[in-house]
Amino acid sequence: MSAEGLRARIREVPDFPKPGILFYDITTLLKDAAAYREAIDLMVEPYRGVQIDLVAGMESRGFIFSAPIARELGTGLVPIRKLGKLPAETISVEYALEYGTNTLEVHRDAIQPGQKVLIVDDLLATGGTVKGTVELVERLQGVVVGLCFLVELDFLHGRDRLPGRPVTSVIRY
């Protein structure tokens, strides 16, 4: 199955979560076992043979992809969570949303200096969330080796907020 075949399995929901927004619903892709497996395979492909110590998955849909990617690459998994969800000592970063701010956290001991980290999420939109995640990884002295997404919304120019970063995406709108 190609990226176009995967795109055909993503439901487009107009006016969600508010009027004027076209929401790309990946649940229709996820319930198709072959499509889900192919999505993981296509996301992993650019990183085969690259030294990666950890995969960092961004809450919450990023977990759906980061866990099987970590397994496929033979690495550990680091969850990047929303504020107040992690039980041990954390570091945090606040980042801007279209209408407000949000905070991400990671355990202070999740990444050791020099570890090579692949950051994974389902969607690259404006780039704010992933930019915050990059900041967390680098504050722990991890080395970001790639930013990996299933879907990228080109018209929101998220990639532009990540200059010099290797970004891969399977499906682009």
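Summary of values
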| item | result |
| --- | --- |
| Between segment 1-38 and segment 134-173, the alpha-carbon center distance in angstrom | 20 |
| D_trans [Stokes-Einstein, Kirkwood Rh over alpha-carbon pairs] for segment 45-104, 10 °C, 1.306 mPa s, µm² s⁻¹ | 122 |
| Residue exposure sequence - VAL130, VAL117, VAL93 - by fewest surrounding Cβ within 10 Å | VAL93, VAL117, VAL130 |
| Near-label residues of segment 66-85 by backbone N, under 20 Å of a point 7 Å along Cα→Cβ of ARG108 | 78-85 |
| Rg/Rh for the chain, where both radii come from Cα atoms and Rh is the Kirkwood radius | 0.95 |
| Cα-Cα P(r), segment 88-137, percent of pairs per 10 Å interval | 24, 53, 22, 2 |
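Throughout, read-outs are computed from the coordinates displayed, never taken from laboratory work. Note that the structure is a prediction, hence the values are computed from the model and not measured. Backbone-built Cβ (ideal geometry, glycine too); neighbour counts: all protein chains shown.
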